[in-house]
Amino acid sequence: MREAATRQQRARLAGVLALLLLSVLSGCASLVPQTMGLREAWPAGVPERTELARVPFFAQQDYQCGPAALAMTMVDSGVQVTPDLLTGQVYLPSRQGSLQVEMLAAARRYNRISYQLAPRLDDLLREVSAGNPVIVLQDTGAGPVVNWHYAVVIGYDYPAGELYLRSGDNSRLAIPFTVFEYTWRKSGYWAMLTMPPDRIPATATEKGYQSAVSAMERVGEPWAAKNAYTALLERWPGNVVASIGLANQYYAQGELPLAESVLRKAAHKHPDSVPVLNNLAHTLSDLGRNDEALPLIEQALRPSDDPFAAAARETQALILQRMSRNQ
Amino acid sequence: MTRTFKNMLCHLIAVAIFIAPFQTSQAGMIGTQQAASITTSADADRSVVINFLQRSQTVSEFQSLGLDAEAATSRVAAMSDGEVSALAGKINAVPAGGDGLVVLILVVFIIWYFAFRR
């Protein structure tokens with residue numbers, strides 16, 4: 001009688017324990033949804049293991065994992081730079097760290113294209129396997145302690161369940177996929193690349209890459225912008241901003257016939273683009289071909305509410321002035 | 001009052017000098033940045049003004065965090081318009097990655113480490 005009661009109690013206890021374990025495990029699983037996702041489907045065309053051993057390592061000084069991480073990917077992309085040089089461009093002493101936006105901005109000053117990845121583990125793996133080391137922002141703190149940290153993902157071995165990072169003082173930190181995702185998730189899966197201007201990231205989208213290039217153009221050198229816009233146009237020939245960007249670079253360097261040829265192609269694809277028509281008309285006028293320029297600028301002025309109508313009217317006035325002077 | 005005003009004016013001028021070359025291309029040619037960002041004519045002027053103010057605000061914030069004027073200006077100049085507007089007023093709230101110490105000490109991680117790694 002008594003024995004039976006004890007057995008019943010034990011069984012109940014075991015049931016509670018099993019339930020507890022199950023809920024802890026399923027709770028854990030929900031902490032790393034993307035790692036769980038990989039169990040269902042490994043991304044197509046991505047190898048199961050890879051490592052970019054060529055990526056250099058800089059051990060970080062004090063709180064300067066930002067400059068160190070940035071230097072690693074930038075040297076790998078062909079820039080001669082050191083963490084010390086970058087410290088003055090990304091480190092904020094009073095915050096004892098580096099902001100994400102400054103990590104993106106600093107690389108542009110060295111003619112690199114900073115590309116922020118979509119917040120997906122699949123994309124991170126795809127970039128690493130395509131040969132691009134990825135800077136990630138992790139929160140390596142536990143519980144209430146927040147500890148933001150930049151590291152560089154240089155490889156992974158899925159069958160072994162590990163990612164390889166250059167992190168802090170560790171030139172090759174092996175970290176389980178689960179732990180990595182837990183720390184990475186808190187930054188909203190923030191990840192970036194520093195690409196040479198003629199190489200497009202494996203996971204780049206047209207819009208994302210176009211904004212990345214045009215952000216670099218603000219502070220980069222003309223040759224870099226030219227190479228980047230050329231690469232962008234090769235991949236996405238219909239991109240109107242890339243056409244305008246490339247043509248503006250040619251124009252600024254006095255290579256007007258090249259600017260014309262780029263804009264002609266763009267005008268053929270986008271006959272309603274006012275900036276394209278305006279810039280083409282302006283270029284032709286500078287080449288002394290006002291007769292060809294005039295109908296183009298008139299075409300540009302047809303939609304009167306266009307944001308660039310004012311610029312087009314200026315160009316029209318310029319063309320008419322030049323024509324009357326030549327008569 | 002006068003000092004605050006002078007400071008603000010200095011920032012505005014500093015930013016103006018730096019961003020002026022990027023705002024307009026050759027006279028008559030429409031710049032790439034403009035072509036990429038402007039979608040309606042109402043946007044055109046407003047976005048230029050708003051961005052100008054946000055840039056100067058961000059430069060001041062960087063200076064209040066201990067950067068000198070030149071560094072602050074060139075650091076803000078390397079940001080895109082969208083990045084500046086996302087950052088303006090939030091410099092102390094956004095994450096700053098710094099520490100390299102990996103403090104993954106929770107017991108659950110140890111269990112996890114041995115239980116499943118991928």
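Just a few scattered comments:
- Scan of the range A:152-172 for residues that are touching a strand residue (DSSP E or B) at 6+ places or on another chain (Cβ under 6 Å), open to solvent by 10 Å² or more (accessible area, probe 1.4 Å) and more than 8 Å from chain B (Cβ to nearest Cβ), ordered by number: A:157, A:164, A:166, A:172
- Given (1) under 23 Å from residue A:75 (Cβ atoms); (2) open to solvent by less than 10 Å² (accessible area, probe 1.4 Å), number of the condition residue A:232 does not satisfy: (1)
- Filter pass, residue A:299 being among the polar types (S, T, N, Q), more than 14 Å from residue B:28 (Cβ to Cβ) and more than 12 Å from chain B (Cβ to nearest Cβ): yes
- Taken over the range A:196-227, the residue count meeting the criterion of being within 19 Å of residue A:125 (Cα to Cα) and assigned to a helix (DSSP H, G or I) is 2.
- Members of the range A:63-72 that are open to solvent by less than 60 Å² (accessible area, probe 1.4 Å) and either more than 16 Å from residue A:90 (Cα to Cα) or part of a loop (DSSP other than H, G, I, E, B) (or both): A:64
- Residue in the range A:105-116 that is under 22 Å from residue A:37 (Cβ atoms) and in the same structural domain as residue A:190 (by TED's automatic domain parsing) present: yes
- The residues listed here are A:193, A:104, A:165; of these, the one that is in a strand (DSSP E or B) and under 17 Å from residue B:98 (Cα atoms) is A:165.
- Evaluating residue A:97 against the criteria (1) more than 24 Å from residue A:129 (Cα to Cα); (2) within 22 Å of the chain's Cα centre (by Cα); (3) open to solvent by 40 Å² or more (accessible area, probe 1.4 Å) leaves one unmet condition, (3).
- Qualifying positions in the range A:28-62 - touching a Phe, Trp or Tyr at 6+ places or on another chain (Cβ under 8 Å) and not in a helix (DSSP H, G or I): A:32, A:42, A:48, A:49, A:50, A:51
- Test: residue in the range A:127-138 that is within 7 Å of chain B (Cβ to nearest Cβ), among the hydrophobic types (A, V, I, L, M, F, W, C) and open to solvent by 10 Å² or more (accessible area, probe 1.4 Å): no
- Taken over the range B:37-83, the residue count meeting the criterion of being assigned to a helix (DSSP H, G or I) and modelled with pLDDT of 80 or more is 28.
- Residue A:140 being farther than 15 Å from residue A:195 by Cα and touching an Asp or Glu at 6+ places or on another chain (Cβ under 9 Å): yes
- Restricting A:237, A:257 to those that are at negative phi, away from chain B (no Cβ under 13 Å), open to solvent by 50 Å² or more (accessible area, probe 1.4 Å) and at pLDDT 95 or above reduces the list to A:257.
- Number of the condition not met by residue B:14 [criteria: (1) facing another protein chain (nearest Cβ under 10 Å); (2) modelled with pLDDT under 90]: (1)
- When the range A:173-190 is filtered for residues that are in contact (Cβ under 8 Å) with a residue 40 or more places away in the chain and not in a helix (DSSP H, G or I), the ones remaining, listed by number, are A:186, A:187, A:188, A:189, A:190.
- Yes/no for residue A:112 being in contact with a helix residue (DSSP H, G or I) (Cβ under 9 Å, 6 or more places away or on another chain), more than 23 Å from residue A:211 (Cβ to Cβ), surrounded by 24 or more Cβ atoms within 10 Å (Cβ to Cβ) and of a type in the set (D, E, K, R): no
- Residue among A:307, A:295, A:275, A:271 that is at pLDDT below 90, of a type outside the set (Lys, Arg) and either in the same structural domain as residue A:248 (by TED's automatic domain parsing) or open to solvent by less than 50 Å² (accessible area, probe 1.4 Å) (or both): A:307
The values are calculated or read from the model by the stated rules, or taken from the named source; none is laboratory data. On a predicted model such as this, the values are computed, not experimentally measured, just so you know. In this analysis, Cβ positions are derived from the backbone assuming ideal geometry, glycine residues included, and neighbour counts consider all displayed protein chains. What goes into the accessible areas is simple: the full protein's heavy atoms, side chains included, and nothing from ligands, DNA or RNA. Shrake-Rupley method; radii C 1.70, N 1.55, O 1.52, S 1.80 Å.
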